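These notes are about the structure you will find just below.
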Amino acid sequence: MTADKRIRIVIAGGGITGLSAAFYLTKQCANSRIPVDITIVEKSERLGGKIRTLHRDGFVIEKGPDSFLARKLPIINLVKDLGLEDQLTGTNPNAKTNYILHRGKLHAMPLGLVLGIPTAVTPFMKTGLISPLGKLRAAMDLLLPRRGADEDESLGGFIRRRLGQEVLEHITEPLLAGIYAGDTQSLSLAATFPQFKQIERKHRSLILGMLAAKKDTPKLDGLPEIARRSLFLTFKQGLSTLVDKLEQSLPGVRIVTGQGIERLTNDGGGYVLKLTDGTDLEADGLIMALPSYEAARLLTDVPGAEALEQVSYASVANIALAYNQEEIGRSHAGSGFVVPRKEGRFITACTWTSSKWLHAAPKGKVLLRTYVGRSNDQDWLRLSEKQLIEGVRADLKETMGITAEPEFVEISRCLRSMPQYPVGHRERLARLNERLKLLKPGIWLCGAGYEGVGIPDCVQQGKTAAERLIHYFVE
C-alpha cells in the first residue's frame, strides 16, 4: 500500500455489528494515519438493525432487544469510547424474581439457578417445577461420568444427558428461548454455551462445576459501578441511544440506506458491489455484517459458503401493552415469566417491563411486553394484528388475571431475526473463514448469524473484523 493511496472499504450491513466495525475502523485508521474511505450499505431505510426504541406517551418501548449483559467488556468499552456511561441504567433491584409457567401457574425460579443449572440444593429440592423423580434424575449429574467424545452435540441433548428431560423442558428450554427462540434439540452446544462442555471436561459434573465457578470471585476490572450492581443494562432513553451516538461518531463515513446488494464480483484487485438501484460500488476491502443467508447469496462462488445456508432464522414478534395501574389491580413484583413449550400457550414469555426497568413507564402506568413465536412454531406469521392481540390478551388473562383494556398496543414483527446455530456450526464457519482469508482481498464475516447473538458479541465481532481488515492492508 502506498502512502497516498486511499483504501476503499465497504461495510455491508448497518446494524450494530456494521456500525461497530465502522467506528473501530475509523478510529484505527486515524491512529495509524491510514487514508481510508468507508461506506456503509444498509438495505433498510434506517440504521441499527433490530435495535429500535419507540417513545410514546412517556413510555420507553423497545421494539427489538431490551438490554445487554452488563459484564461483557466489548459493549462496556464501546460505551466508554462513546462517552455514554452516564446514560446507562440497570434493572430494578427490587424486581429480581423471575417466574416460570408450570401447569398454568407461575412458579418463582429457584434461587441458585445459573443459566438453568441448579447450584443450590435446598431451593431446587423445594421447587414445584420438577417432580421428585425429576429431581433425583438431575442429582445423577453428580455421579455420571464425563462424555469422552469431543465432537459437537445439541444443547438439548447435553442438558438431557446431564440433568434429565424434566430440567430441560421445564427450566432450561424456556429460559434460553428468550435468547435464541430455538429448539434446543437442534442448537449447537459449542456455538451457544461452550462453557458447559468445558465445565464437564474439567469437573465431570455440571452442577459441581457451576458451583466451583460460582465461588470464584468474578473479575470486575474496567466495569463502571452500575455494571457491578446489575446483570443487565440499557440506556435511560432506550437502546437506540447507542445507535444514534454511533451514527453521530461517523461524520466521515458515507452511509447508503434503502439499497441492498444485488451482486458481488471480484475484478481481480477488489470487489464491485451492484446495488439495487443499478449503481456500482467499488471496494478494496469488504466487511459483511449481513445475516448469514444474505452472505450465502453473495458468496455462491466461494467453496464452503453453502454452510451459511444451514443457519436458519426464526421469526418472532413482541407485543407491548400499556395499562393504567389502577385498572389491572395488584402490581406484579418481579421481572416477568417464561413459558415452556409443553404449556401450549400462545406467548413464549412476558416481561413486566415497567417493573424490571423503572424508566420504561410514567408513574401510575404499567408496561408489559409479551413474545410470540419460536423455532418450529411459526404459525403466528399468518395472523393479523387483531388476532395477535387477542391471543396475547387471552394468555395474560389466564396467567395474570388481567382483563382490562390496554391504553395502547405496539406490535413489532421481527422477521428472520433469531439465528439458529446448528450442530457443527463453529467448525463449518472456521473452515469457511479460512477460505475467505485466501481471497485477494479478503472478506470478513461478522454479525449475529456467526459467533454470538447478543449485542456485546456483535460489537466484538465488528471490532475484530475491523482489526483484521487493517492488518491485511498494513502487513
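Taken together, the values in this text are just the output of simple stated rules run on the coordinates, not laboratory data. In this text, all values refer to a predicted model and were calculated from it rather than measured experimentally. Using ideal geometry, Cβ is built from the backbone for each residue, glycine included, and neighbour counts are taken over all protein chains shown.
Here are some pairs, 365/397; 105/342; 197/437; which of them have Cα atoms lying more than 20 Å apart in this structure? Result: 197/437 exceed 20 Å.
Gain on full extension, evaluated as 0.36 nm per residue between residue 237 and residue 149 minus their Cα-Cα distance, stands at 26.9 nm.
The gain in end-to-end length when the residue 203 to residue 105 segment is fully stretched comes to 31.7 nm, 0.36 nm per residue minus the alpha carbon separation. Is region 42-143 rounded, prolate or oblate when judged by the Cα gyration tensor, a ≥ b ≥ c being the square roots of its eigenvalues, rounded requiring a/c under 1.5 and prolate requiring a/b larger than b/c? Because a/c hits 1.5 or more and a/b exceeds b/c, region 42-143 counts as prolate.
The distance from the alpha carbon centre of region 458-475 to that of region 206-275 is 14 Å, rounded to a whole number. Candidate membrane-span-like segments in the chain, meaning DSSP H helices with Cα atoms spread over at least 27 Å of their own axis and a Kyte-Doolittle mean of 0.0 or above, are 455-474, with no membrane implied.
Among the GluC sites (Glu not before Pro) in region 110-188, those located in a DSSP loop and surrounded by at most 13 other Cβ atoms within 10 Å of their own Cβ are 151. Label separation (residue 5 vs residue 277): 3.0 nm, computed from points 7 Å beyond Cα along the C-beta direction.
Modelled spin labels at residue 229 and residue 165, positioned 7 Å past Cα toward Cβ, are 4.6 nm from each other. Based on every Cα atom in region 112-215, Rg and the maximum pairwise Cα distance Dmax equal 12.7, 36 Å. Note on residue 27 and residue 120: with the Förster distance fixed at 30 Å, the Cβ-Cβ geometry gives a FRET efficiency of about 0.10. Close amide H contacts of residue 290 (hydrogens built in the peptide plane, cut-off under 5 Å, sequence separation of 5 or more or a different chain): 446. With the simple spin-label model, which puts each label point 7 Å out from Cα in the Cβ direction, the residue 131 to residue 405 separation comes to 4.5 nm.
How large is log10 of I(q)/I(0) for region 312-420 at q = 0.13, 0.21, 0.23 Å⁻¹ when the intensity is taken from the Debye formula with one equal scatterer per alpha-carbon? Taking Cα atoms of region 312-420 as identical point scatterers yields -0.47, -1.16, -1.34. The coefficient of translational diffusion for the chain, derived via Stokes-Einstein from the alpha carbon Kirkwood radius under 20 °C and 1.002 mPa s, stands at 90 µm²/s.
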